[in-house]
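> Below: one structure in structure tokens.
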Amino acid sequence: MLMMQRLRTARFLAWTLTCLVATPYLASGAFAAEKPKGDIFTQSVVLFPLDNLAGEKYAKLATEVTTQIARGIEANPRYTVIQYSDRLPAIQRLISTQPEKKVSTGGPFFSDPGAIQRALELARAMSADIAMVGSLDTCKWDPAKKQATVMGTLEWYDTRTGKKIDTLSATGIRTRPMGDETSSEDTVIMEAASELVQKMVSAVTGEEYKAVQAPPTKAATGVSKTKSKRSWLPMLLLSLGVGLLLGGAGGGGDSGGGTSGDESPPPPPSGW
């Protein structure tokens with residue numbers, strides 16, 4: 001009975017010690033997963049497709065500019081950006097519960113009188129902090145100067161109040177270098193559009209533009225690095241706890257064996 005009590009006490013102490021030591025690390029890992037961008041306050045942004053006012057020829061360019069703006073802003077840790085689509089789950093739920101809203105989910109979102117209000121309603125349905133709208137205004141090619149000019153407008157609104165936060169008009173200009181016969185008109189136009197994107201992103205974030213080659217993954221990378229540094233420690237602590245339990249069980253068995261030996265009846269008299 002005494003050995004059983006000792007074994008239970010050893011198990012209890014082992015588990016208690018393991019939990020006390022492991023809890024801070026497990027808790028810190030949970031916070032790291034919830035706050036992948038550290039202590040920086042982030043705002044969620046819904047970026048609506050830029051209205052294409054430059055002409056049908058530049059429809060794909062308007063889409064590309066929208067995507068590059070989203071990537072550029074998302075690269076800043078203060079923002080989380082979602083490119084709007086009527087296929088997003090939140091919008092599909094809105095349509096399923098309020099079918100009359102479907103007509104308002106397709107745009108345009110900037111260039112007609114009710115467009116901005118539609119964008120604000122949709123951004124609220126997505127629980128976003130900021131609704132961002134705009135347009136690709138002009139795209140020109142001067143064959144004499146071999147020069148491309150791309151102009152655009154961007155506005156962003158507080159979804160809670162509906163008030164405009166800021167508005168921006170920017171221009172990107174690129175000229176094909178003298179003697180360069182390999183760069184096509186489309187190439188120079190894309191370079192001008194990239195300059196436009198840089199100016200817009202810098203104006204929104206207030207920081208120097210940093211080129212982004214692919215959709216940002218820094219948040220996920222930050223979480224994985226945090227986990228990789230800490231995930232082994234709780235496992236080690238748990239292993240130590242299990243080891244202590246197994247050791248206690250083994251020790252209890254040996255002690256129990258000794259006790260059984262002590263309590264066994266004495267051998268019969270030699271005269272038998």
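None of the figures in this text is laboratory data; all of them are computed from the coordinates on show. Since the model is a prediction, treat every value here as computed from it, not as a measurement. All Cβ positions, even for glycine, are placed from backbone atoms using ideal geometry, and neighbour counts span all protein chains on display.
> Hey, got the dipole for region 37-105? About the Cα centre, +1 on K and R Cβ, -1 on D and E Cβ, debye to the nearest 20?
Working: 9 positive and 7 negative charges, 27 e Å.
In debye, rounded to 20, region 37-105 gives about 120.
> Mind pulling up the Rg/Rh value for region 43-216? Radius of gyration and Kirkwood radius, both on Cα. Each step should come with its number before you reach the end.
Working: Rg = 17.0 Å, Rh = 16.8 Å.
For region 43-216, the value is 1.01.
> Report the local net charge at Ala62: Lys and Arg +1, Asp and Glu -1, summed over other residues whose C-beta lies under 13 Å from its C-beta.
Working: positive: Lys57, Lys60; negative: Asp51, Glu56, Glu64, Asp137.
Around Ala62, the charge tally is -2.
> Just rank Glu56, Glu121, fewest to most, by other beta-carbon atoms within 10 angstrom.
Values: Glu56 7, Glu121 16.
The fewest-first ordering by Cβ neighbours comes to Glu56, Glu121.
> In whole Å, what is the distance between the alpha-carbon centres of region 124-190 and region 83-97?
27 Å
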